Amino acid sequence: MNASDHALFPKWFHIGVPRSATTTIQLTLRADPRVNCFRSRYFNTPLWYSGVRDFACDPRRVNILSAETLVRKHGERFKFTTTMEHIRRRVPDARIILTIREQRAWLLSRYKWGVSQAGLKLTFDQWLQSDEGGDFLGIGCYATLVRYLLSLFPQDRIHVLLFENMRDDYAGFFRALYGILGLEPPALKPMVTNASAPDRAVLLQRWANQVFFHFAGGPLARLEARAREEMIRIATRLGWGTGARIGWEHSDLCRGIEDEFRLSNRQLQTLCGLDLQRHGYLV
């Protein structure tokens, strides 16, 4: 790749596992005139084969591709390994920023999002055993992701940041992120985006999801939406679900998942020098 081709692609790639405050990071970076932060389908969909880029880099700014979908295999998107190989081929000196979250809280957060925003009808235990749940369980073995990245890029180009650091020290998290990008951090006010709904609201939504058909559009969809709202309003007024909680299950399935995450987290600490136990990760 010659110098002119190199300028067509970003140097920085932010891989945010879903529900790890990726949107907050993206909104912060996009608000900074020194940064050109964008999403793209180029590296992880068949758009790759067309050679047509769906982004434009700005030589005057720090260019960073930020997306949760880089780590996921669903729909037309490629596996993580294929996506990263494509990035390496186009940008051999790429810098990778991976943001992760403690796995149990992370899986619960994603499950609640699926119920509230995507019409999910399954219980948490059922979801863990679904196609989507299996995808997320694989992603949650973070050491596997990092080991593969290390097979493509030098360790000093791979940075792992914790969601919990943002939660506990918002300014400190962004100081670290901007330091990686080689920029002075701007003055920031903490923001929370896409927060999980309360457990009771999620359970009411799941109940409604199980009852209705989820029409895609038109008069039936509008009628269904009004009926859902009314049903949830009545159930809330009657006190249905009061005190209900959605938590990490104490089942053989979840104990086996914990064992796998514990092993992965120990390996990740060795690979990256992180103190995961301090932030509640299984080790």
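The values are calculated or read from the model by the stated rules, or taken from the named source; none is laboratory data. Everything numeric in this text was worked out from a predicted model, so none of it was measured. Here the Cβ positions follow ideal geometry from the backbone for every residue, glycine too, while neighbour counts run over all protein chains shown.
Applying the criterion of being hydroxyl-bearing (Ser, Thr, Tyr) and more than 21 Å from residue 162 (Cα to Cα) to the residues of the range 86-125, the residue that is modelled with the lowest pLDDT is 116.
The combined condition, being in contact (Cβ under 8 Å) with a residue 40 or more places away in the chain and either among the aromatic types (Phe, Trp, Tyr) or within 27 Å of residue 270 (Cβ to Cβ) (or both), is fulfilled by residue 137. Scan the range 138-176 for residues that are in contact with a Phe, Trp or Tyr (Cβ under 9 Å, 6 or more places away or on another chain), of a type outside the set (Val, Ile, Thr) and within 20 Å of residue 69 (Cβ to Cβ) and the total you get is 8. For the range 97-108, the candidate set comprises residues that are of a type outside the set (Asp, Glu) and not in a strand (DSSP E or B); within that set, the residue that is surrounded by the fewest Cβ atoms within 10 Å (Cβ to Cβ) is 105.
There is no residue in the range 194-212 that is part of a helix (DSSP H, G or I), more than 22 Å from residue 128 (Cα to Cα) and hydrophobic (A, V, I, L, M, F, W, C).
When the helices (runs of 4 or more DSSP H) confined to the range 16-96 are screened for residues that are within 19 Å of residue 139 (Cα to Cα) and either aliphatic (A, V, I, L, M) or in contact (Cβ under 8 Å) with a residue 60 or more places away in the chain (or both), those reaching at least 1 such residues are found at 22-30, 80-90. For the range 235-256, the set of residues classified as modelled with pLDDT of 80 or more and aliphatic (A, V, I, L, M) consists of 246, 253, listed by residue number. The single residue among 143, 171 that is farther than 30 Å from residue 200 by Cβ, crowded, with 16+ Cβ neighbours inside 10 Å and out of contact with any strand residue (DSSP E or B) (no Cβ under 6 Å at 6 or more places or on another chain) turns out to be 143. It is to be established whether one or more residues within the range 227-236 are out of contact with any Ser or Thr (no Cβ under 9 Å at 6 or more places or on another chain), surrounded by fewer than 10 Cβ atoms within 10 Å (Cβ to Cβ) and part of a helix (DSSP H, G or I). No.
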